[in-house]
Number of protein chains: 2
Amino acid sequence: MPRGEFDLIDEFFNRSPQRSDVLLAIGDDCALLEAPTSEVIALSVDTLVSGVHFFEDVPAKTLGHKSLAVNLSDLAATGAEPLWCTLALTLPEIDRHWLADFSDGFHALAHRSGIDLVGGDTTHGPLAITVHVMGRVPKGNALLRSGASPGDLIYVSGPIGGAGYALEFLRNPELKADAFCLKCLQEPDPRVTLGISLRGLASACIDISDGLAADLGHILSKSNVGATIHLEKIPVAPQVRAYMESIHNPGFPLCTGDDYELCFTVPPHHQSRIDAILESLNLDGGCIGQTTNEPGLSIQSQQGALYLNRSGYEHFR
Amino acid sequence: MPRGEFDLIDEFFNRSPQRSDVLLAIGDDCALLEAPTSEVIALSVDTLVSGVHFFEDVPAKTLGHKSLAVNLSDLAATGAEPLWCTLALTLPEIDRHWLADFSDGFHALAHRSGIDLVGGDTTHGPLAITVHVMGRVPKGNALLRSGASPGDLIYVSGPIGGAGYALEFLRNPELKADAFCLKCLQEPDPRVTLGISLRGLASACIDISDGLAADLGHILSKSNVGATIHLEKIPVAPQVRAYMESIHNPGFPLCTGDDYELCFTVPPHHQSRIDAILESLNLDGGCIGQTTNEPGLSIQSQQGALYLNRSGYEHFR
C-alpha cells in the first residue's frame, strides 16, 4: 500500500485487534488471518458514494457506523458470524475531526459486533467508502436466497419504511422529523444475532436494502416460487403509518430502501420457534405472507390487490 | 447488495469460478469460500481513483488489468498464493463497451493468476475502483517488512523507473514514447511466483509502488536497520537510462512509483539461490546493496553520495 495513504489509516483506524485470529492487522503489505477450521468464509463488499447513498452533510460518526452496518447486514442475511473487515476510504481532503468521528462510529459498531478492521487504504478523490466484510458459518448452514419452498412463511425482522420516511423529511422540511426513523436511515442496527439464530430454521434470507418488494423478489426468483403478502401485516412504525395515510400510499413500505431488516422464509412447522426468537431479541417483526407455487408477487390488502408502480430503488435506472 | 448494482456485476463480471474452494460466488448476499486448512489468509485492499492513480483516457482493458495487478502485487510481497478477490466499481455512467473491456482485462489476469472474482458492487459516482484480494500462505512463512537483519543483501526483482518514465512521456509529448515503459505503467506483471519462491529465503519484502527509496524505507523502519545502496547497481531499462542522462537526474529510479517490482532482503548465504530463482523466472533483477546497523538510507554512486530531495509519491502531501 502506498505510504501517505497507509499513514492515515494507521493514524485514525489502527486499534488493537480484539480477535485472536488476527495475526497481523494494519501496517504491512497484507493482513494475516488465521482461517477458521471446518467452517466456510462468507464475504461481501459494498460502496457508499457521497450524494448517491448519503447526504453530503451527514454526521461523520453516523456515516462510519452505517458504512460498516450495511455490510454486516449482508453477513446477517447469510447467517454468518462477523470476523474481519477492511475499509477503503476516498477523501476530498484531510479533515482530522471528520476522520476521528468517522473512525469512532465505525469502531464502536465493529467492537460491538466482534469484527476487527484488519486493512485499509485512503485515497484522494470524491468522498466514497468501500467496506469489505468477512465472516464464518458452519458448512451447509449458510442462509441463501435460493432455498424457499412453496408454502413457506415469509417474515420480516422489524418495522419497514422508517429509513424511507427519514429520506422524505430530510428532503422536505415541511414534514415532521422523527428520531426513530432518522436512526433507521443513519444508524441501522444490522441483524447479525438474528441471522445466526436463523441457521437451520430459515429456508431463505435476504436483507432489505432496496425495498421489501424488490428484495423479496430476489428470494422468489432465486427459489423459483411466488408469494402472497398482506399489506396490513407489514410492521410499520406509527409515524410512518401517519405519513403513508397523509400521502394515500399504502404501498410505501414495499418500495422504500435502506431498512436493513431481514426478510426470510421458514417452513410453517418452525413458526413458533421463529416467533420466540424474534421476541427474545426484542424485534418487532412478524409473518407477512406465504410463498406459493404460482410465480410473481401478489400483494393483498383490505382494499383488494395492490399494484406497484416501481419495484424499489435501483441505481442507474 | 442493492439490485441494480448487482445486475451489472452479474452481467459483466460473473464467470465460472476456476477454483474448487469457491462454493458460491456472485449472486447472493455473500460469497461462500472454503477456508484453507492449516494456512494463513493474507488480505489486501487498494483503491484506484480516476485522475489520481490513472489518466481518465486510459484504455479500459489495461485499467482492468492494473486494478487487479496492484493488489496481486501486495500478495506477492507477502509470499501468498492468490485465492479470491472482489471488485467495487464506481462508474459515472454505464458504458457497456468500457465495462466489457475492463472485465476482459481484469479476468485475463485473474485467470492467469489462479484467482477468482467472488463478489462485487457497482455504484454510481466518479470513476473509482477498489479491489480486495485474499491469498494463502503457510503459517510462519509470510514475508513481512519487519524481518531484515543488518548485513542482509537488498534485491530488486527487475528494472526500476519504467512506469515513472511512461508518466513523463504521457504528460509531455515532446518526450519519446516507449512500449516497454508504457506496459510497466499500465499493465504491470505482479511478481506472484517470485514472492512464493522467496518463502523461507527472504528476510523482508515489499512491493515498489511509491518508489524504491520510500518502499525500501518501510523495510528499514519496520526492521530497525539502515541500508547502503549503490545507484549504478539499480537495474534500469536503456530508454530510462537515456532519459535520466538527458535530465541529469541519476536518482530518478529511486523516487518514481508504480513499478510493482519486489524489493526484498536476504541473508548473504542465500545469494546464489536467489540469483538462480531470478534467472529461472527470467527476471532482470539483482542485488543493489546491503542493510546496515546504522539507521538511515545511504545512497552511494560513482560520483559520491546522493541526497534525495523527495522520498517518493505520497497522496495528500
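Before moving on, here are some points about what is shown:
- A:L254 being open to solvent by 20 Å² or more (accessible area, probe 1.4 Å), touching a residue at least 12 places away in the same chain (Cβ under 8 Å) and out of contact with any Lys or Arg (no Cβ under 8 Å at 6 or more places or on another chain): no
- Residues (farther than 23 Å from A:L144 by Cβ, open to solvent by 70 Å² or more (accessible area, probe 1.4 Å) and not polar (S, T, N, Q)) located in region A:264-288: A:E279, A:D284
- Filter result (open to solvent by 20 Å² or more (accessible area, probe 1.4 Å), within 14 Å of another protein chain (Cβ to nearest Cβ) and touching a strand residue (DSSP E or B) at 6+ places or on another chain (Cβ under 7 Å)) within region B:219-251: none
- A single member of A:E245, A:E261, A:E279 is charged (D, E, K, R) and over 27 Å from A:E81 (Cα atoms), and it is A:E245.
- Count - residues of region B:28-67 that are farther than 18 Å from B:T78 by Cα, open to solvent by less than 30 Å² (accessible area, probe 1.4 Å) and facing chain A (nearest Cβ under 7 Å): 9
- Meets criteria (aliphatic (A, V, I, L, M), touching a Leu at 6+ places or on another chain (Cβ under 6 Å) and in contact (Cβ under 8 Å) with a residue 60 or more places away in the chain) for B:A214: no
- Among the residues of this structure, B:R15 counts as one that is touching a His at 6+ places or on another chain (Cβ under 8 Å), charged (D, E, K, R) and either facing another protein chain (nearest Cβ under 9 Å) or within 21 Å of B:R112 (Cα to Cα) (or both).
- Against the test of being within 12 Å of chain A (Cβ to nearest Cβ), modelled with pLDDT under 90 and closer than 18 Å to B:H132 by Cβ, the options B:D10, B:D21 yield a single qualifying residue, B:D21.
- Within region B:120-139, being at the interface with chain A (Cβ under 10 Å from one of its Cβ atoms), within 29 Å of B:S272 (Cβ to Cβ) and either open to solvent by 10 Å² or more (accessible area, probe 1.4 Å) or among the hydrophobic types (A, V, I, L, M, F, W, C) (or both) holds for B:R136, B:V137, B:K139.
- Residues of region A:161-192 that are in contact (Cβ under 8 Å) with a residue 40 or more places away in the chain, open to solvent by 10 Å² or more (accessible area, probe 1.4 Å) and part of a loop (DSSP other than H, G, I, E, B): A:L175, A:K176, A:D178, A:E187, A:D189, A:P190, A:R191.
- Among the residues of region A:83-119, those that are more than 23 Å from the chain's Cα centre (by Cα), within 11 Å of another protein chain (Cβ to nearest Cβ) and either more than 13 Å from A:E11 (Cα to Cα) or among the aromatic types (F, W, Y) (or both) comprise A:L91, A:P92, A:E93.
- Each residue in region A:214-235 was checked for being over 19 Å from A:L194 (Cβ atoms) and either acidic (D, E) or over 16 Å from the mean Cα position of the chain (by Cα) (or both), and 14 of them qualify.
- Matching option when the condition is within 14 Å of chain A (Cβ to nearest Cβ), over 16 Å from B:G285 (Cβ atoms) and hydrophobic (A, V, I, L, M, F, W, C), among B:C255, B:C205: B:C255
- B:G195 satisfies every condition listed in (1) within 27 Å of B:K139 (Cβ to Cβ); (2) within 12 Å of chain A (Cβ to nearest Cβ); (3) open to solvent by 10 Å² or more (accessible area, probe 1.4 Å) except (3).
- Selection status of B:A214, touching a strand residue (DSSP E or B) at 6+ places or on another chain (Cβ under 8 Å), under 30 Å from A:C85 (Cβ atoms), within 14 Å of another protein chain (Cβ to nearest Cβ) and crowded, with 24+ Cβ neighbours inside 10 Å: no
- Scoring B:P150 on the criteria (1) over 30 Å from A:D210 (Cα atoms); (2) at the interface with chain A (Cβ under 10 Å from one of its Cβ atoms) leaves a single failure, condition (2).
- Every listed requirement among (1) open to solvent by 10 Å² or more (accessible area, probe 1.4 Å); (2) touching a helix residue (DSSP H, G or I) at 6+ places or on another chain (Cβ under 6 Å); (3) assigned to a strand (DSSP E or B) is met by B:L23 save one, (2).
The values are calculated or read from the model by the stated rules, or taken from the named source; none is laboratory data. In this text, all values refer to a predicted model and were calculated from it rather than measured experimentally. Don't worry about glycine lacking a Cβ; one is built from the backbone with ideal geometry, like all the others, and counts go over all protein chains shown. Surface accessibility is based on the protein's heavy atoms, side chains included, excluding ligands, DNA and RNA. Shrake-Rupley method; radii C 1.70, N 1.55, O 1.52, S 1.80 Å.
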